[in-house]
Amino acid sequence: MTFKRQVDRLPIIPADAVEHNVTCHYCIVGCGYKAYTWDINRQGGTDPKQNKFGVNLAQQQGAETVAWYAPSMYNIVKSDGRDVHLVIKPDVDCAVNSGLGSVRGARMAENHTSQARNTQQQRLTDPMVWRYGEMQPTSWDDALDLVARVTAAVIDEQGEDGLFVSMFDHGGSAGGYENTWGTGKLYFGAMKVKNVRIHNRPAYNSEVHATRDMGVGELNNCYEDAELADTIMVVGANPLEAQTNYFLNHWIPNLRGTSLDKKKAEFPGEPVEQGRIVIVDPRRTPTVAACEAEAGTDRVLHLALEPGTDLVLFNGLLTYIADKGWIDKEFIQNHTVVATASGPQLIARPGAAVPEKDHELTDFTAALAANRTSLADCAKITGLKEADIVKAAEWIASPKAGNKRRRTMIGYEKGLIWGNDNYRTNGALVNIALATGNIGRPGGGVVRLGGHQEGYVRPSDAHVGRPAAYVDKLLIEGRGGVHHIWACDHYKTTLNAMRFKQVYKKRTDMVKDAMNTVPWGDRAAMVAAIMTAIRQGGLFSVDTDIIPTQIGQASHVWLPAAISGEMNLTSMNGERRMRLTQRYMDPPGQAMPDCLIAARLANALERVFRDAGKPGYADQFKGFDWKTEEDAFVDGYTKNANGGQFVSYERLKAMGNNGFHEPAVAFKDGKIVGTKRLYADGKFSTKDGKAKFLAAPWRGWAAPGKADQKAKYAYLINNGRTNIVWQNAFMDQDNDFVMGRMPYPIIEMHPDDMKDLEVSAGDLVEVYNDAGATQAMAYPTPTARRKQTFMLFGFPKGVEGNVVNAGVNELIIPDYKHNWANIRKIASAPAAARGLSFKSTEYKV
Amino acid sequence: MKKCDGLVEAGRRQFLRTAGFSVAGVAAATVMPTPAKAATATARVAYPSSRLANLTELKLDDPVNVAYPDNDSPGILLKLGVKVEGGVGPDGDVVAYSVLCPHKGYPLAYNQSDRTLSCPGHYSRFDVEKAGQEIWGHATQNLAQFVLRVDAKGDIYAEGVDELIYGRLSNVL
Ligand code: SF4
Ligand code: FES
């Protein structure tokens, strides 16, 4: 059955409703929204004077009207303890999305907690502790006291290395500058925790070390560049589904040719035309179909290469472009390191195993020599046609009429990041941008497209080292005594997940069993019992999150956090655009912003260490007397971020949903002055300002176990996101509209493969290999390649990570994308899947 | 952490979830409050019964343009030849939908080859054989389907709508 809300009218926003700035707290794009709240007993009217829009709402409104909102944009929530109406609708004046909402962001209101309307009742309202054999509510003081005492006892016995931490490092809902600072100051300031990881990977490391080592920060352009580029090259990304409104509002105008006027104005005297796009992805994504519909197939080049061979393609392109002389010699000479009279530049990669030998960072000539790949070899390894590789090179770099440099923007995301040989592949792509002078200039950039928003400000993480600790492996090996988790759910979003869950459950169960033997009121005996279990291999687990998570089922303490809008929260998007989301409603129950939870935990630790007669160590936990999230912002961002001294809540509020591009460089005429593009002055993020190239020869499969798995199992289990589900569905699992469409994770399969396996649409299949097993719902996909499936990543009712082996690259970056497994039917379509449509998701004209 | 399953609670919530908004009148603050005399509020808007066509006028897979609940709300009426969710008529195969895309209101186009409605605005797609289920797209709701009835003469009437129609904050203006 198709889910219908049966809502046939909505309360009208009255003219005097309170308006708040909101940045969507889901994906990297950070679309602007406005939240309107007004008292429950009032409503606007259809008369223009009675509503916020000043229009006659007794009439049908046209397409793209601002005077309409969907039922998902409405809710009844608490504000200052009172029920209020809430509408959160896209902001037409925001330059990011110009009034567009996506299927994720336009459900923000509905995905808030409402007692009155029964939405998101899964949210945590109280600190919860393992008491009498189940999770029970308690006070903040009680919960934090237990956490502090156990943590202190573990540090006493094992040192700070006994404290394992999993924490978000991003912006948006579970993050933002306030909260990354709060947690960062605790674990990297007061302490120097080394066994730490991030929400989507098993270590505390960059996803894009290579570009950074080369001196090129990964978010270096602005969204407008996608409108200005002659060619967009996109690698391992599906922007229509994963960066939706960036794609719709900035890429599509270029592909449609409607940004031509902008190009003409920006580049006088330069030939400009409708844009082209090169899409590098083994899979035909909905993005490909949309590009073809808009630009025509002759301006879209989909390079469906052999999975994992992107590096070869980039080296082949670089070789061809260089041999043709389509490089930007002046740029290379002035802005990158160059060979000297005594030979090539040889620069060791930071953290290299053998620094005196490992000279991957180098000058253009040396990198080209190392990476040289003939067209024939490139075609052979990537499985692409030579003619298509040549066409891509032409679209990327052949000079335009009048010998003008072609402007190419390069975007990449998880297909590259979670792909084969992350470091070298990333570098090989950045090589192309550097060689063609496409960084820091309009219509250029070589950028991550991003997942979450960003919002990182923390004390130095240098003590973590490089390579960073492989935290999940250490946990499996029985290391650590206490685990603090902040908005991470390893159970859904790690690799080798089946093994991880087995061990994690066992270790935390040991502590639960021990806790069951002691009355709650005897704190000393409780801590002693927990410590005994820890000495025997047990693990004490503390989960700070907004809902009971899957890993949380193993935890002993849950600490309830607030989300964006329930607190003031700052983040930046994929073009470094920083905004403040204003608080417009109350957090549920006793929930608090993460930064304040971290502060109260720091206070508790200070007290416990002082009581234990360790005044010196206790003193390290000073400086957490914040009362509000703004206190944390001032302590963190204002004092530590690049340009932070120009930024305050008040100024951000005045800058509205358009904010400014970080870093701030001044405050002038009542406005924060930002930086539209990085490296516009040609000075890169290196000591001497010169960017470096990367020698990145092809090495085949980089992560251990991939080649073997490929030889042993029949199906590629590629994986990633779909449009409708945000992240690991932590909110969406309680959203009727989403669950009505996606009751189980889909696995796209070619119909002939399904026939071979005797699987019908909607059937549940088991995906199994040497790493583990999981389940998914078969979605027939005629455009899929035979034996190449695509499964939804990180979904609760079928965790793809179960079939990802433990292999990582030399910097502990997983290759989540490349898995091979066998598939078998386990059940015919369950009731929830029977009413589903299994028609093609592709748009055709 | 569990949802409250109490029947009374659930009933109350269901009411608020779907309809409770119209109950409060416009709050006109007066110094001397008089007993409220709001017009009788209904839980749902009152839908007109509109004749859209006669069964004999429908050809298989050939959409007929209609409008419901009024002329400013375009839709299509379709005979599919297979029994479907919400279908009426002797074969349970007659359905009608709003053709205003619930994302930003662009007009949907019918694609006979796979029986879908597709949006030229931003590529959303809806399945007319599955009650307007959004196959893929940006709308946060499935497509508004018109509730149909067929009388003895074969006349097809629209008598309700199951989702909010794009561009109006009340299905009946
Ligand atoms: S595109 Fe991303 S930021 Fe924009 S509304 Fe959708 S989820 Fe939110
Ligand atoms: S208006 Fe239909 S998809 Fe946007």
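The values are calculated or read from the model by the stated rules, or taken from the named source; none is laboratory data. If you're wondering where the values come from, they're calculated on a predicted model, not measured in any experiment. Reconstructed Cβ throughout: ideal geometry from the backbone, glycine too, with neighbour counts over all protein chains shown. In case anyone asks, the SASA skips ligands and DNA or RNA and just uses the protein heavy atoms, side chains included. Shrake-Rupley method; radii C 1.70, N 1.55, O 1.52, S 1.80 Å.
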Pairs only if they're at least six apart or on different chains, beta carbon under 6 angstrom, first in region B:113-125 and more than 13 Å from ligand 2 (Cβ to nearest atom), second aliphatic (A, V, I, L, M); list them, first residue then second.
-> B:R115/B:V128
Look at A:P90 and say whether it is crowded, with 22+ Cβ neighbours inside 10 Å and within 16 Å of ligand 2 (Cβ to nearest atom).
-> yes
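Here is a yes/no grid of residues against (1) among the hydrophobic types (A, V, I, L, M, F, W, C); (2) over 25 Å from the mean Cα position of the chain (by Cα):
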position	(1), (2)
A:I389	yes, yes
A:A393	yes, yes
A:G419	no, no
A:R424	no, no
A:A435	yes, yes
A:P442	no, yes
A:V464	yes, no
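Looking only at region A:103-121, how many residues end up being of a type in the set (S, T, Y), open to solvent by 10 Å² or more (accessible area, probe 1.4 Å) and either within 16 Å of ligand 1 (Cβ to nearest atom) or not in a loop (DSSP other than H, G, I, E, B) (or both)? Step through it out loud before you land on a result.
At the first step, the residues of region A:103-121 found to be of a type in the set (S, T, Y) are A:113-114, A:119.
Cutting the leftovers down to open to solvent by 10 Å² or more (accessible area, probe 1.4 Å) gives us A:113, A:119.
Those left that are additionally either within 16 Å of ligand 1 (Cβ to nearest atom) or not in a loop (DSSP other than H, G, I, E, B) (or both): A:119.
The number of residues fulfilling the criteria is 1.
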Matching residues in region A:23-43 - criterion: being more than 16 Å from ligand 2 (Cβ to nearest atom), in a loop (DSSP other than H, G, I, E, B) and within 12 Å of chain B (Cβ to nearest Cβ) = A:I40, A:N41, A:R42, A:Q43
Quick one: which of B:Y106, B:Y157 is open to solvent by 10 Å² or more (accessible area, probe 1.4 Å) and closer than 18 Å to B:S50 by Cα?
-> B:Y157
Can you name the residue in region A:646-676 that is in a helix (DSSP H, G or I) and in contact with an Asp or Glu (Cβ under 7 Å, 6 or more places away or on another chain) and, of all such residues, is farthest from A:L219 (Cα to Cα)?
-> A:Y649
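Please report, ordered by residue number, the strands (runs of 3 or more DSSP E) entirely within region B:84-173 with at least 2 residues that are within 16 Å of ligand 1 (Cβ to nearest atom).
Ranges flagged: B:133-136.
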Residues of region A:236-254 satisfying the condition of being away from ligand 2 (no atom under 16 Å from the Cβ) and either aliphatic (A, V, I, L, M) or open to solvent by 10 Å² or more (accessible area, probe 1.4 Å) (or both) = A:G236, A:A237, A:N238, A:A242
For A:V482: the one exception among (1) over 30 Å from A:A528 (Cβ atoms); (2) among the hydrophobic types (A, V, I, L, M, F, W, C); (3) touching a Gly at 6+ places or on another chain (Cβ under 7 Å); (4) crowded, with 23+ Cβ neighbours inside 10 Å | (1)
For region A:139-228, which fully contained helices (runs of 4 or more DSSP H) count at least 2 residues that are more than 29 Å from A:A695 (Cβ to Cβ)?
-> A:140-158, A:176-184, A:225-228
Across (1) more than 8 Å from every other protein chain (Cβ to nearest Cβ); (2) within 16 Å of ligand 2 (Cβ to nearest atom), A:Q120 clears everything bar (2)
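Within region A:623-635, track down each residue that is closer than 14 Å to A:P459 by Cβ and assigned to a loop (DSSP other than H, G, I, E, B).
Looking only at region A:623-635, we keep the residues that are closer than 14 Å to A:P459 by Cβ, and these are A:623-624, A:632, A:635.
Result: A:G623, A:F624.
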Pick from region B:110-139 the residues that are more than 9 Å from chain A (Cβ to nearest Cβ) and hydrophobic (A, V, I, L, M, F, W, C): which of them is nearest to the chain's Cα centre (by Cα)?
-> B:V128
Within region B:140-154, of all residues that are without any contact (Cβ under 8 Å) to a residue 60 or more places away in the chain and open to solvent by 20 Å² or more (accessible area, probe 1.4 Å), the one farthest from the other protein chains (Cβ to nearest Cβ) is B:A152
Residue by residue through region A:1-22, note down the ones that are within 10 Å of another protein chain (Cβ to nearest Cβ), without any contact (Cβ under 8 Å) to a residue 60 or more places away in the chain and either open to solvent by 10 Å² or more (accessible area, probe 1.4 Å) or within 16 Å of ligand 1 (Cβ to nearest atom) (or both).
-> A:K4, A:Q6, A:R9, A:I12
Test result for A:A153, surrounded by fewer than 24 Cβ atoms within 10 Å (Cβ to Cβ) and among the small types (G, A, S) | yes
Result of the Cβ filter at 7 Å on region A:522-533, keeping first residues that are free of Cβ contacts under 8 Å to residues at least 60 places away in the same chain and partners that are open to solvent by 40 Å² or more (accessible area, probe 1.4 Å), at least 6 apart or interchain, is A:A529/A:T517; A:A533/A:M510
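Considering only residues of region A:47-87 that are within 16 Å of ligand 2 (Cβ to nearest atom) and among the hydroxyl-bearing types (S, T, Y), which is most open to solvent (accessible area, probe 1.4 Å)?
Let us first name the residues in region A:47-87 that are within 16 Å of ligand 2 (Cβ to nearest atom), namely A:60-70, A:72-73.
Those left that are additionally among the hydroxyl-bearing types (S, T, Y): A:65, A:69, A:72.
On the way: A:T65: 24, A:Y69: 0, A:S72: 0 Å².
Among those that are within 16 Å of ligand 2 (Cβ to nearest atom) and among the hydroxyl-bearing types (S, T, Y), it is A:T65.
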Could you tell me which numbered condition B:L100 fails, if it satisfies all but one of (1) more than 9 Å from chain A (Cβ to nearest Cβ); (2) within 10 Å of ligand 2 (Cβ to nearest atom)?
-> (1)
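Residues are listed down the side, and each one gets a yes or a no for (1) open to solvent by less than 40 Å² (accessible area, probe 1.4 Å); (2) of a type in the set (A, V, I, L, M, F, W, C):
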| site | (1), (2) |
| --- | --- |
| A:K797 | no, no |
| A:E800 | yes, no |
| A:K817 | yes, no |
| A:I823 | yes, yes |
| A:A829 | yes, yes |
| A:F838 | no, yes |
| A:Y843 | yes, no |
Name the pairs: first residue in region A:593-610 and among the aromatic types (F, W, Y), second residue surrounded by fewer than 21 Cβ atoms within 10 Å (Cβ to Cβ) and modelled with pLDDT of 95 or more, Cβ to Cβ under 7 Å, at least 6 apart or on different chains?
-> A:F609/A:Y617; A:F609/A:A618
(1) outside any loop (DSSP other than H, G, I, E, B); (2) touching an Asp or Glu at 6+ places or on another chain (Cβ under 8 Å): which one isn't true of A:Y456, the others all being true?
-> (1)
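Picking from A:R786, A:R824, which residue would you name as being assigned to a loop (DSSP other than H, G, I, E, B), among the basic types (K, R) and either without any contact (Cβ under 8 Å) to a residue 40 or more places away in the chain or farther than 30 Å from A:R424 by Cβ (or both)?
On the way: A:R824 fails: assigned to a loop (DSSP other than H, G, I, E, B).
After ruling out the rest, the residue left standing is A:R786.
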